[in-house]
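The values are calculated or read from the model by the stated rules, or taken from the named source; none is laboratory data. Here the structure is a predicted model, which means the values were calculated and not measured. Reconstructed Cβ throughout: ideal geometry from the backbone, glycine too, with neighbour counts over all protein chains shown. Surface areas here come from the heavy atoms of the whole protein model, side chains and all, with no ligands, DNA or RNA. Shrake-Rupley method; radii C 1.70, N 1.55, O 1.52, S 1.80 Å.
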Amino acid sequence: MNIHEYQGKEILKSFGVAVQEGIVAETVDQAVEAAKKMKTDFNSDWVVIKAQIHAGGRGKGGGVKLAKNLDEVKERATAILGMQLVTPQTGPEGKKVNKVLVAQDVYYPGASETKEFYVSVLLNRANGRNIIMYSTEGGMDIEEVAEKTPHLIFKEEIDPKVGLQGFQARKVAFNLGLSGAAFKEMVKFVTALYKAYDSTDSSMFEINPVLKTSDDKIIAVDAKVDLDENALYRHPDYAAMRDKLEEDPTDVEASESNLNYVKLDGNVGCMVNGAGLAMATMDIIKIAGGEPANFLDVGGTANAQTVKAGFNIILKDPNVKAILINIFGGIVRCDRVAQGVIDAYKEIGNIPVPIICRLQGTNAAEAKQLIDDSGLKVYSAIALKDAANLVTEVLA
């Protein structure tokens, strides 16, 4: 689950990570009041207006602007709030900005030059170990650094038996070229950052940039956080951070119905129980000459309500020309699923595309009889091959 920058910074602060302070605002007036508070609380004459969306590259898209006075705060907030922000990570459709973060200016002059670094913590799935990935070249062009100068990207692998060791945090600070107070601050920063990542069951913490200020403080200027949805039951306070406005409405509807749904670009809607069977179903659709329009797993206890919810979600896609229901009746009886299909069909009303219903397992024969006798525009099959042939026929 992705969260906003300001929410990520709240988590970081709770683990002792120093961050660029800020106040979230949903209106221009709130942004102006937030800027006044930045001056009062942090003596920040200038502030940064930062669009809050679930995507990186906001600066390149015009979603991060410096404001040197209250008039500029009002001007920048007016321009950013409500805009359709397009970044390299949003796709051409972009994302609407519903809130901004009014953040303190941390690039103030001082005894030494400011310096931007990149630091992230994530899982290396190849060996099941967490790694800290970092670079001296932080900022908006980190993707180009990784592509053109990969030798400037460092990695520190963490042994899960012992966790992050002190010498590893010091190694990170050393490779970043730091010394003195900045070195010590970076060691503290990396240690606290890894603790935040590990304790929150996160999939990723990406801080870009990590800033060395002119007075040798180390702070997180940005925070991109991806929480592991499978562990949210342990963190109800983090689960409450979910912003549904940032998600596709169809995905939200699917999650509220306890359906695992991923939209694809094909023409055959799929409704299946079990992830493995769903993958096999998509393969058989392609073999039959179609293209899967989605991945939709209704789970092992499919009933009329889940089937109805599945129909509603699939039918939102105008590209769907047919629907293939593929259920293996192990936990659930096939005749109950068949009745669920019939009930859902009647409740929804006219479904404009043909439905192929393949039910195999417990009471499969009874299920086929129910479908055949229903009088509805539903084609039944028991063998997967028969279902594939029906897909070919209805798409012809």
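Some notes on this structure:
- Nearest-20 debye value, region 170-211 charge dipole, Cβ charges on Lys, Arg, Asp, Glu: 260 debye
- Probing with 1.4 Å while keeping every protein chain in the model, the per residue accessible area of the chain equals 48 Å².
- The heavy atoms of ASP222 present about 30 square angstrom of accessible area, all protein chains included, probe 1.4 Å.
- Taking 25 Å as the straight-line reach from the Cα of LYS188, the lysines in range (excluding those fewer than 8 positions away in the same chain) are LYS9, LYS13, LYS115, LYS155, LYS161, LYS171, LYS212, LYS217, LYS224.
- Once the Cα atoms are used to define both axes, helix 166-175 deviates from the longest principal axis of the chain by about 70 degrees.
- Whole-Hz ³J(HN,Hα) from phi, Karplus 6.51 cos²θ - 1.76 cosθ + 1.60, for region 283-293, glycine and proline x: 4, 5, 5, 5, 4, 7, x, x, 10, x, 8
- Share antiparallel - DSSP beta bridges, the chain, percent rounded to 5: 70 percent
- Lys, Arg +1 and Asp, Glu -1 on Cβ, resulting dipole of the chain about Cα centre, debye, nearest 20: 380 debye
- The listed residues LYS99, LYS377, LYS368, once ranked by accessible area (1.4 Å probe) with the largest placed first, stand as LYS377, LYS368, LYS99.
- For the listed peptides 262-273, 106-117, 61-72, a ranking on the average number of other beta carbons within 10 Å per residue, highest first, reads 262-273, 61-72, 106-117.
- Using just its DSSP H runs of length 4 or more, each adding -39500 (n - 2.57), the chain gives a mean residue ellipticity at 222 nm of -11000 deg cm²/dmol after division by all residues.
- Accessible-area value, HIS235, 1.4 Å probe, nucleic acids and ligands omitted, Å²: 30 Å²
- Rounded to the nearest 10 degrees, the angle from helix 364-373 to the longest Cα principal axis of the chain is 70 degrees.
- In the set [x] 1.16; [y] 1.23; [z] 0.97, the label that goes with Cα Rg over 2.2 N^0.38 Å computed for this structure is [y].
- Residues VAL172, VAL394, sorted by accessible area with the largest first, give VAL394, VAL172 [1.4 Å probe; ligands and nucleic acids excluded].
- Gained length - ILE131 relative to ALA240, 0.36 nm times residue gap less alpha-carbon distance: 36.5 nm
- Apportionment of accessible area to carbon and sulfur, the chain, percent (1.4 Å): 51 percent
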